[in-house]
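Input: a single structure, listed below in structure tokens.
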Amino acid sequence: MGQTNNQKKEVLYKGNWYGVQTKDVDEQEGLVTVAVNGFNIMDSQGDISMPGSFKKTLKEGFKRLKWFLDHDVHKQIGVPVDGYETDTHLVMTGRIAKNTALGHDVLELYKLNAECGHEMEHSIGVTAIKRDEENRAKVLEWRLYEYSTLMGWGANPSTFLVDIKTATDEQVRHAVEYMRQALTKCNLTDQLSRKFDMDLTLMLKALNGGNIVTCPYCGHQFDFDDAELHTFQQQVIEVANRYIGWVAEDAAWDRINELAPEIRAEVIALIDAIASKEGGVQNITTKSIEDFMNYVRCPHCWGKVYQANKLLQDAPGEGGTTEEPLTDTPKQEQPDTASKEADSVTSMFFKGLSDKIS
């Protein structure tokens, strides 16, 4: 009999940062041994895995365990061949499917991380079966479904882009050097090589002031200037520009309700989008409205992406603020010049890093 909705248990995904040392990667056999969970440590979800909490699931359910990439059931890296507890960790050994493109690339990245002293990150998919009655945070028994290799920023440039706003110069330099070595030292498939190359280009463009944006719907990052530009119909633009005056006159409700339904729908959508970005309707300005007038479609999910979704905003004193970029003149008007300047700056930046590292 199947489980009812009340009986179903939520699968929790718990990450960690336990590194893979060189001795843990057996290239010949395609074996990788990693510590995927630590004991007596409170994780970000408030759970504490206790020693012995994985013994039952390893004994009774090991044959059903999976090894995925990023918890994606469509991306099986290989097969778990051993799992055991030490005094401090849950340790898993898996055999990579080296003859598949995914397995080949993951093994190459494991080798590169071991060579560079970087850490691959891992996560597990579990359900808590039994907890300590006196301290509910302590989990006495887990049901383990899978463990995953995570393409964190050490192994995937596109993920690093998400964190680049708060990264230090040293972290940026390490990330660029890592990607350079991945492209030059690893025997990656053409597909992953192209992805690394594109991600590296995006990161360097973002660092050098390029118009790299993040889709608010799917998180995909791309060059705003390379996408086809769309503009709201003129009537919507005119209404949106009058909106601030209506608010000041306390007449916004009446004026918006007087609009034709199709225009009103677009104006409201535009105002809502700006308000969520600016922190409330009262903070909407003429500048913020202008930033939302032009948009492109995300090449991944087709969502609307505005220049206000720029990855790295202009710093204060450089023609903008940390909250919104100064984009009065779309760069699409001078694609050749902008492209050459970006390529030139990128080349100098990359060469400078390479000289320091080599």
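From largest accessible area down, sort ILE268, ILE274, ILE256; use a 1.4 Å probe on the protein chains.
Values: ILE268 70, ILE274 0, ILE256 25 Å².
In descending accessible area the options line up as ILE268, ILE256, ILE274.
Could you order peptides 242-251, 54-63, 138-147 by the average number of other Cβ atoms within 10 Å of their residues, highest first?
Top of the packing list down: 138-147, 54-63, 242-251.
Mind listing the long-range amide H neighbours of ASP82? Cut-off is under 5 Å, sequence gap 5 or more, other chains count too, H placed in the peptide plane at 1.01 Å from N.
Excluding prolines and chain starts, which carry no amide H, the hits are THR93.
Return the Cα extents of region 216-274 along principal axes one, two and three, sorted largest first, each rounded to a whole Å.
Projected onto its principal axes, the Cα set of region 216-274 covers 40, 20, 18 Å.
Accessible surface of TYR84 in the full protein assembly, 1.4 angstrom probe, to the nearest 10 Å²?
90
Explain nothing, just compute: Karplus ³J(HN,Hα) = 6.51 cos²θ - 1.76 cosθ + 1.60, θ = phi - 60°, for every residue of region 257-265 in order, whole Hz, x for Gly and Pro.
Result, ordered by residue: 5, 7, 6, 4, x, 5, 6, 4, 4 Hz.
The values are calculated or read from the model by the stated rules, or taken from the named source; none is laboratory data. Quantities reported herein were computed from a predicted structural model and do not represent experimental measurements. All Cβ positions, glycine included, derive from the backbone under ideal geometry; neighbour counts span all protein chains shown. We work out accessible area using only protein heavy atoms, side chains counted, and drop any ligands, DNA or RNA first. Shrake-Rupley method; radii C 1.70, N 1.55, O 1.52, S 1.80 Å.
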